[in-house]
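What follows is one structure encoded as structure tokens, with my remarks underneath.
The values are calculated or read from the model by the stated rules, or taken from the named source; none is laboratory data. Because the structure is a prediction, the values reported are computed rather than measured. Methodologically, a virtual Cβ is constructed for each residue, glycine included, from the backbone with ideal geometry; neighbour enumeration extends over all protein chains shown.
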Amino acid sequence: MSASICVPCGREFSSLSAFDAHQRWDYTQPPGRQVSCYDPAALRDRDGEPRFKVNRFGRWAHAAAKPPAAFNSRKESAREPRTRTR
Ligand SMILES: [Zn+2]
């Protein structure tokens, strides 16, 4: 996995998808002003959980990234079971 560093804001990201998620492109703006950076700490998931957190390398990473299967049992036990309404 390679890190991505954002030139406009200087933040480091652990993955390209995390990097992409903090940028918004507006192609109606002139070149050089088309990209704007969101503060990863302010981005939330649909359920209100923080979408990104800084990992131990000081890079922004997906907070809810699916862990490898070997870590599932440990991670899942700490979370509340989700109830389906349908
Ligand atoms: Zn940025």
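Answer yes or no: is there a residue in the stretch 78-86 that is surrounded by 14 or more Cβ atoms within 10 Å (Cβ to Cβ) and modelled with pLDDT of 70 or more. For the stretch 78-86, residues surrounded by 14 or more Cβ atoms within 10 Å (Cβ to Cβ) and modelled with pLDDT of 70 or more: absent.
Cβ-Cβ distances below 6 Å connect the following pairs, each with a first residue in the stretch 1-29 that is more than 9 Å from the ligand (Cβ to nearest atom), a second residue that is aliphatic (A, V, I, L, M), and a separation of six or more residues or different chains: SER4/LEU16; GLU12/ALA3; GLU12/ILE5; SER14/ALA61; ALA18/ALA61; TRP25/VAL35. For the stretch 6-65, a residue qualifies if it is among the aromatic types (Phe, Trp, Tyr) and out of contact with any Pro (no Cβ under 7 Å at 6 or more places or on another chain), and the qualifying residues are PHE13, PHE19, TRP25, TYR27, TYR38, PHE57. Just checking, does the stretch 19-30 include any residue being modelled with pLDDT under 90 and in a loop (DSSP other than H, G, I, E, B)? Among the residues of the stretch 19-30, not one is modelled with pLDDT under 90 and in a loop (DSSP other than H, G, I, E, B), which makes the answer no.
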